[in-house]
């Protein structure tokens, strides 16, 4: 089997700051780096590093950044034969200020060629025959829906950036992976403190079979279609940069599901991989391999039942 990722490829401009700016505020950065990124490509790179056979379907521009993105994915053992160059469009870009202490970040994306990915682009064998099809929302929604409809594999959707999702798409999703703000927006929940039980209730109000809510340093909440809700805490690490941790989680989760692991075991594996990914700079600066994840797994707490 294999994992196929349909999604975005971006060039990230990462700026290190002492603290993130507020609305209308200017802050001074201390360093800048240009790195490969994009939710789709980051997730594909994470799965590729973990040893899964991975195919990427997407679009880049007809510019120097395109070659850098393709080379970076190939270095992570990702098949890029279905990533098309797009004349007249730039490769997608993202600007990411990152706090030097703790790694918190903000992200602004300009889609570029990602916006040109069409339903025809995903009518390919690597989508049809995928063991796991991993999707996000940085490419056109019609294309995401076409891919979900075309595959015979398990569909994992990371609904980011969040937007209203048609019922037809949610009906094709086997595992929905939002973070807490994305879940709130999808569920139409007001701002305010929510308990884990509250979050589970919002998740179960959506139409996906299983929902996994990523909670940053708290780990992930597993809300299966049936059975107990579980909180999976991460192992202890010293974070440097949290950029891309959610993408690493999705790639690792898909890799584990493709190997036939249960949802709970796959989430434990993914939480461990995501924690390791925060120990270096950039979205892919510390993507772990399978050996590193399995070496840290004994320090990952057992999941706890929250009801």
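The values are calculated or read from the model by the stated rules, or taken from the named source; none is laboratory data. The shown structure was predicted, so the numbers you read here are calculated from the model rather than taken from an experiment. Please note: Cβ atoms are built from the backbone with ideal geometry, for glycine as well, and neighbour counts cover all protein chains shown.
Going by what's in this entry, would residue 307 be described as over 17 Å from the mean Cα position of the chain (by Cα), touching a residue at least 40 places away in the same chain (Cβ under 8 Å) and not in a helix (DSSP H, G or I)? Even if it seems obvious, please write down each step before you answer.
Values: over 17 Å from the mean Cα position of the chain (by Cα): yes; touching a residue at least 40 places away in the same chain (Cβ under 8 Å): yes; not in a helix (DSSP H, G or I): yes.
Yes, satisfied.
Name every residue in the range 271-283 that is under 21 Å from residue 36 (Cα atoms) and touching a helix residue (DSSP H, G or I) at 6+ places or on another chain (Cβ under 9 Å), in order of residue number.
Within the range 271-283, 273, 274, 275, 276, 277, 278, 283 qualify.
From the list 172, 185, pick out the single residue that is touching a helix residue (DSSP H, G or I) at 6+ places or on another chain (Cβ under 9 Å) and not in a strand (DSSP E or B).
172
Can you give me the number of residues within the range 150-169 that are assigned to a helix (DSSP H, G or I) and more than 20 Å from the chain's Cα centre (by Cα)? Full working, then the answer.
Here is the first cut: in the range 150-169, the ones assigned to a helix (DSSP H, G or I) are 150, 167-169.
Next cut, more than 20 Å from the chain's Cα centre (by Cα) only: 150, 167-168.
Adding up the residues that qualify gives 3.
Conditions tested, residue by residue: (1) more than 21 Å from residue 282 (Cβ to Cβ); (2) out of contact with any strand residue (DSSP E or B) (no Cβ under 9 Å at 6 or more places or on another chain); (3) at pLDDT 95 or above.
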site	(1), (2), (3)
171	yes, yes, no
204	yes, no, no
223	yes, no, yes
226	yes, yes, no
244	no, no, no
252	no, yes, yes
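Find all pairs meeting these conditions: Cβ atoms under 8 angstrom apart; at least six residues apart or on different chains; first residue within the range 59-79 and at positive phi and without any contact (Cβ under 8 Å) to a residue 60 or more places away in the chain; second residue surrounded by fewer than 17 Cβ atoms within 10 Å (Cβ to Cβ) and assigned to a loop (DSSP other than H, G, I, E, B).
77/51
Could you please find all residues in the range 111-135 being touching a residue at least 24 places away in the same chain (Cβ under 8 Å) and surrounded by fewer than 16 Cβ atoms within 10 Å (Cβ to Cβ)? Spell out the reasoning first.
Step one: of the range 111-135, the residues touching a residue at least 24 places away in the same chain (Cβ under 8 Å) are 111-119, 121-124, 126-135.
Those that are touching a residue at least 24 places away in the same chain (Cβ under 8 Å) and surrounded by fewer than 16 Cβ atoms within 10 Å (Cβ to Cβ): 118, 119, 123, 128, 129.
Do you know which of the residues in the range 7-20 that are surrounded by 13 or more Cβ atoms within 10 Å (Cβ to Cβ) and either outside any strand (DSSP E or B) or free of Cβ contacts under 8 Å to residues at least 40 places away in the same chain (or both) is farthest from the chain's Cα centre (by Cα)? Quick ask: steps written out before the conclusion?
Step one: filter the range 7-20 for residues surrounded by 13 or more Cβ atoms within 10 Å (Cβ to Cβ), giving 7-17, 19-20.
After this cut, where a residue has to be either outside any strand (DSSP E or B) or free of Cβ contacts under 8 Å to residues at least 40 places away in the same chain (or both) as well, the list is 7-9, 19-20.
Values: 7: 10, 8: 11, 9: 12, 19: 24, 20: 22 Å.
Residue satisfying both the conditions and the ranking: 19.
Does residue 298 qualify as being touching a residue at least 24 places away in the same chain (Cβ under 8 Å) and either outside any helix (DSSP H, G or I) or over 30 Å from residue 33 (Cα atoms) (or both)?
Working: touching a residue at least 24 places away in the same chain (Cβ under 8 Å): no; either outside any helix (DSSP H, G or I) or over 30 Å from residue 33 (Cα atoms) (or both): yes.
Considered against the rule, which asks whether it is touching a residue at least 24 places away in the same chain (Cβ under 8 Å) and either outside any helix (DSSP H, G or I) or over 30 Å from residue 33 (Cα atoms) (or both), residue 298 comes out as no.
Of the residues that make up the range 236-253, is at least one within 21 Å of residue 36 (Cα to Cα), free of Cβ contacts under 8 Å to residues at least 60 places away in the same chain and in contact with a helix residue (DSSP H, G or I) (Cβ under 6 Å, 6 or more places away or on another chain)?
Checked against the condition, which is being within 21 Å of residue 36 (Cα to Cα), free of Cβ contacts under 8 Å to residues at least 60 places away in the same chain and in contact with a helix residue (DSSP H, G or I) (Cβ under 6 Å, 6 or more places away or on another chain), the range 236-253 yields at least one hit.
Examine the range 92-103 for a residue that is under 18 Å from residue 3 (Cβ atoms), in contact (Cβ under 8 Å) with a residue 40 or more places away in the chain and in contact with a helix residue (DSSP H, G or I) (Cβ under 8 Å, 6 or more places away or on another chain), and state whether such a residue exists.
Narrowing the range 92-103 to residues under 18 Å from residue 3 (Cβ atoms): none.
No, the conditions are met nowhere in the range 92-103.
Could you check the range 267-291 and list, in sequence order, the residues that are assigned to a helix (DSSP H, G or I) and either touching a strand residue (DSSP E or B) at 6+ places or on another chain (Cβ under 7 Å) or crowded, with 24+ Cβ neighbours inside 10 Å (or both)? Give the derivation first.
Quick first cut of the range 267-291, residues assigned to a helix (DSSP H, G or I) only: 267-277, 290-291.
Correct list: 267, 268, 269, 270, 271, 272, 273, 274, 275, 277.
Say we look at the range 89-101 and pick out the residues that are in contact with a strand residue (DSSP E or B) (Cβ under 8 Å, 6 or more places away or on another chain) and over 16 Å from residue 283 (Cα atoms); which of these is surrounded by the fewest Cβ atoms within 10 Å (Cβ to Cβ)? Outline the logic, then answer.
First pass over the range 89-101, keeping only residues in contact with a strand residue (DSSP E or B) (Cβ under 8 Å, 6 or more places away or on another chain): 89-100.
After this cut, where a residue has to be over 16 Å from residue 283 (Cα atoms) as well, the list is 89-91.
On the way: 89: 19, 90: 17, 91: 28.
So the residue we want is 90.
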